[in-house]
Amino acid sequence: MKIVKWSFGTESQEIDSIHPECIVPLIDKDYYPFVSLAKEVNKTRKGEVFLKCPANTDFLKNTFGLVAPHDLTIEINIDNDGGTNIRCENISQDVFNKLIDTRFLEKEEKGSSPYPLVGIDWLCTFTSDESIMLQLLPAFLHHNDFTIKTSMIPGQYDIGKWVRPVELVFEFKSLSEKIVIKKGDIIAYFKFYTDTPIKLEEQPIPWNDTMICVGIRKNDRWRPLKERYKAFTEAKCPYNPNKT
């Protein structure tokens with residue numbers, strides 16, 4: 001059994017807080033972000049022949065679905081001149097400002113892609129005392145308004161060597177679209193690449209390690225992960241030539 005520690009939060013400027021005040025009422029105190037994908041699929045596809053395939057059963061191991069903590073409706077419209085209108089009818093402007101990341105829609109970020117790119121700051125941070133590769137995947141075995149109308153941007157990094165919140169960034173499949181996320185919808189998968197069973201344990205947000213990684217990233221935004229891992233290790237355990 002390998003222990004992976006997790007924390008969940010939304011954008012907050014307070015180091016001892018997991019959510020800004022405007023978001024606290026939206027999220028249940030007993031909210032738990034994850035479901036086992038293997039258990040979920042065996043329940044919803046009971047008796048399906050593919051569940052007996054070892055290629056499938058091995059893939060589903062140590063993979064968890066991310067559960068939406070509250071209802072969220074996002075509507076976007078890109079006009080012919082490239083102008084962008086994005087709104088969320090069921091949250092306040094204060095919540096929108098803290099939760100919805102629209103920086104990817106700015107000219108400096110969007111490049112030539114025809115698909116609007118947006119982020120939701122439902123932020124999960126995972127850490128481990130040993131090297132484990134974490135992969136963020138689209139929720140391709142769940143069918144809801146979010147998974148049908150968007151494409152989650154995948155990514156991976158070693159949670160034993162790098163500490164950062166996982167960004168939920170996705171493309172709308174249309175220039176004019178409205179998605180309705182319901183509380184409890186599965187919107188993404190987290191897969192941990194190890195043959196040993198994973199046990200998830202909650203922890204406070206690891207602010208100190210996170211800020212070290214933020215500083216490394218700010219110094220060189222496109223620095224390769226291998227170099228970031230090295231810089232993070234050195235920052236946490238600086239070399240002391242006089243140490244015996």
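The values are calculated or read from the model by the stated rules, or taken from the named source; none is laboratory data. Treat the numbers as computed from the prediction; the structure is a model and nothing was measured. Please note: Cβ atoms are built from the backbone with ideal geometry, for glycine as well, and neighbour counts cover all protein chains shown.
Would you be able to tell me the number of residues in the stretch 1-25 that are in contact with a Pro (Cβ under 7 Å, 6 or more places away or on another chain) and in a helix (DSSP H, G or I)? Residues that pass the stated criteria total 0.
Just one residue in the set I212, I186 is touching a His at 6+ places or on another chain (Cβ under 6 Å), in contact (Cβ under 8 Å) with a residue 24 or more places away in the chain and not small (G, A, S); that residue is I186.
The residues of the stretch 76-88 that are more than 16 Å from E109 (Cβ to Cβ) and surrounded by 10 or more Cβ atoms within 10 Å (Cβ to Cβ), listed by number, are N77, D79, N85, R87, C88.
The residues on offer are I181, I148, I216, I205, and the sole one that is in contact with a Leu (Cβ under 6 Å, 6 or more places away or on another chain) and either β-branched (V, I, T) or modelled with pLDDT under 95 (or both) is I181. Just for the stretch 28-40: of the residues that are part of a helix (DSSP H, G or I) and in contact with a Gly (Cβ under 8 Å, 6 or more places away or on another chain), which one is surrounded by the most Cβ atoms within 10 Å (Cβ to Cβ)? Top of the filtered list is L37.
Kindly evaluate K46 against the criterion of being more than 16 Å from the chain's Cα centre (by Cα) and within 23 Å of Q135 (Cβ to Cβ). Considered against the rule, which asks whether it is more than 16 Å from the chain's Cα centre (by Cα) and within 23 Å of Q135 (Cβ to Cβ), K46 comes out as no. Against the conditions (1) within 18 Å of I186 (Cβ to Cβ); (2) at pLDDT 95 or above; (3) of a type in the set (V, I, T), V24 satisfies every one except (1). Looking at the stretch 41-75 only, could you name the residues that are touching a strand residue (DSSP E or B) at 6+ places or on another chain (Cβ under 6 Å) and outside any strand (DSSP E or B)? Hits for the stretch 41-75 are N62, A68.
Taking strands (runs of 3 or more DSSP E) as the structural unit, those lying wholly within the stretch 142-244 and holding at least 2 residues that are within 25 Å of P114 (Cα to Cα) correspond to 150-152, 155-158, 165-172, 176-181, 186-193. Among residues of the stretch 58-83 that are farther than 15 Å from T102 by Cα, those with a beta-carbon under 9 Å from a residue that is among the hydroxyl-bearing types (S, T, Y) and crowded, with 20+ Cβ neighbours inside 10 Å at least six positions away or on a different chain give the pairs T63/Y189; F64/Y189; G65/Y189; L66/Y189; P69/T10.
Of all the criteria given as (1) over 21 Å from K149 (Cβ atoms); (2) more than 16 Å from the chain's Cα centre (by Cα), the one not satisfied by D79 is (1).
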